[in-house]
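Throughout, read-outs are computed from the coordinates displayed, never taken from laboratory work. All values reported here derive from a predicted model rather than from experimental measurement. Don't worry about glycine lacking a Cβ; one is built from the backbone with ideal geometry, like all the others, and counts go over all protein chains shown.
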Amino acid sequence: MRIVFNARIALQRKIAWLLLFSFFSLVFIGGLIYFNKKNTETTTYWINHTYAVIQHIDKINTRISTWESLSRPPQNTAFHEALGKDLDRIRKLTADNTDQQLLVGRMATAMDKLGTGTDSSTLSSLKLMLGEMMQEEKDLLVRRRTLSKAAEVKSLWLLIGVSVLVFLFISIILIRLNRDIVLRRRAEQRLTESQNWLQSILDNSTSLIYIKDPAGRYVMVNRRFREILAVQEETVIGCTDADFSTFEAATHYQFLDEQVVRTLKSLEIETVVPTAGGEVHLLSIKFPLMDDGRLIGIGGIATDITERVQYQQQLIAATREAQSAKGMQELFLANMSHEIRTPMNAIIGFTQL
């Protein structure tokens with residue numbers, strides 16, 4: 001029983017470890033997916049941010065190229081406002097880049113000089129700054145895309161690695177659990193076989209054998225017990241003596257059980273049990289059942305001594321009858337002796353005369 005109990009504890013411990021590891025694995029994988037998603041969102045934001053800068057630079061470049069292709073006509077207010085809006089938008093989008101901010105300042109100065117009499121060097125310088133800014137943003141876009149792909153690959157490999165480790169760990173736990181389950185089934189089978197052997201031995205014993213828990217409830221009774229007391233197993237197991245005995249008998253048995261529990265010593269008693277076939281005399285031994293110094297139950301073995309008691313009673317009756325017959329014989333001999341002595345005394349008297 002203890003082997004099965006220990007195997008059950010080991011199995012439950014491994015299941016608990018499996019559930020705990022699975023929970024933390026799911027939390028880790030969920031966190032990894034969450035941070036990967038946040039990183040993807042951040043990277044996507046900055047890529048779109050760079051695209052927006054490139055788009056506004058391209059608009060400025062297109063407007064200036066169009067103005068130059070038209071032989072640099074006089075600039076109206078709408079043209080300057082459009083250039084100013086695009087430049088302000090670039091200034092806001094590149095607020096975190098000091099080099100770009102310097103270029104934006106220089107471009108603003110060059111745009112203010114644009115006009116009908118603008119020389120080619122100023123226009124070329126403006127185009128050069130736009131090209132320089134465009135190239136830097138494109139390089140930044142490439143770097144961000146590379147970093148995004150590297151982060152995605154790293155996250156993917158990390159996720160794959162963690163998943164493989166989790167799979168291997170869970171597989172190992174499941175293999176060990178399967179082995180433990182097989183061992184537990186074998187232990188339970190051996191325990192069942194042992195219990196069946198023990199029950200067969202107990203059922204074929206001529207003595208009444210029973211086991212109670214510390215509270216006085218019957219845990220096991222053998223066939224002889226059921227036959228003598230004329231009870232069924234289902235009406236005994238889990239019940240106390242008060243459930244199928246008289247109040248006086250149940251009180252007496254409870255007192256004896258309490259004495260065994262209190263002293264932790266065996267107790268030998270002789271009891272008389274009334275049955276349908278007459279009184280049955282039992283010589284009982286109650287003893288404590290211990291497990292590592294802990295009381296786990298009360299055992300009892302009762303031997304039917306009815307025939308011996310009846311033989312003793314018959315022997316006592318025969319002895320009494322023999323003693324009574326001897327007394328009558330002695331009384332008869334005494335009377336006969338008196339009767340014989342009386343005439344003899346008379347004869348002796350006449351003889352002396």
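Measure off 7 Å from each Cα along the Cα-to-Cβ vector at L20 and E227, then give the distance between these two points in nanometres to one decimal.
5.5
Less than 12 Å Cβ to Cβ from D86, Lys/Arg counted +1 and Asp/Glu -1: what total charge do the surrounding residues give?
Net of charged neighbours comes to +3.
If you work out percent of Cα pairs over 27 Å apart from the coordinates, which of [x] 75; [y] 69; [z] 43 do you get?
[x]
Whose amide H sits under 5 Å from the amide H of I305, counting only residues 5 or more places off or on another chain, with H placed in the peptide plane?
The list, which skips near neighbours in sequence, is H281, L282, L283.
Report Rg(Cα)/(2.2 N^0.38 Å) for the range 46-169, keeping two decimals.
1.52
Could you calculate the contour length gain from R91 to K37, that is, 0.36 nm times the residue separation minus the distance between their Cα atoms, to one decimal place in nm?
On the way: separation 54, 0.36 × 54 = 19.44 nm, distance 2.92 nm.
Separation in residues times 0.36 nm, less the Cα-Cα distance, equals 16.5 nm.
Extending each Cα 7 Å along its Cβ direction at L102 and I201, get the distance between those two points in nm, one decimal.
It is 9.9 nm.
Relative contact order, percent, of the chain when contacts are C-alpha pairs under 8 Å separated by at least 6 residues?
13
Length gain on complete extension for the stretch I296 to L168, per 0.36 nm per residue less the alpha carbon to alpha carbon distance?
On the way: separation 128, 0.36 × 128 = 46.08 nm, distance 4.31 nm.
Once the chain is fully extended between I296 and L168, it gains 41.8 nm.
Order these peptides, 45-51, 312-318, by their mean beta-carbon neighbour count within 10 angstrom, highest first.
45-51, 312-318
Counting Lys +1, Arg +1, Asp -1, Glu -1, what net charge surrounds L283 among other residues with beta carbon under 13 Å of its beta carbon? Mind dumping the intermediate values first?
Details: positive: K286, R308; negative: E268, E270, D304, E307.
Surrounding charge for L283 is -2.
Assuming R0 = 45 Å, can you tell me the calculated FRET efficiency for the pair R179 and A150, based on Cβ-Cβ distance, to the nearest 0.05?
Once the sixth-power term is evaluated, E becomes 0.55.
Could you work out how far apart the two model spin labels at I285 and D213 are, taking each label as a point 7 Å from the Cα in the direction of the beta carbon, and quote it in nm?
Going from the I285 label point to the D213 one covers 2.7 nm.
With θ taken as phi - 60° and the coefficients 6.51, -1.76 and 1.60, list the Karplus ³J(HN,Hα) couplings across the range 142-151 in order, rounded to whole Hz; mark glycine and proline as x.
My calculation for the range 142-151 gives 5, 4, 5, 5, 5, 5, 5, 5, 5, 5 Hz in order.
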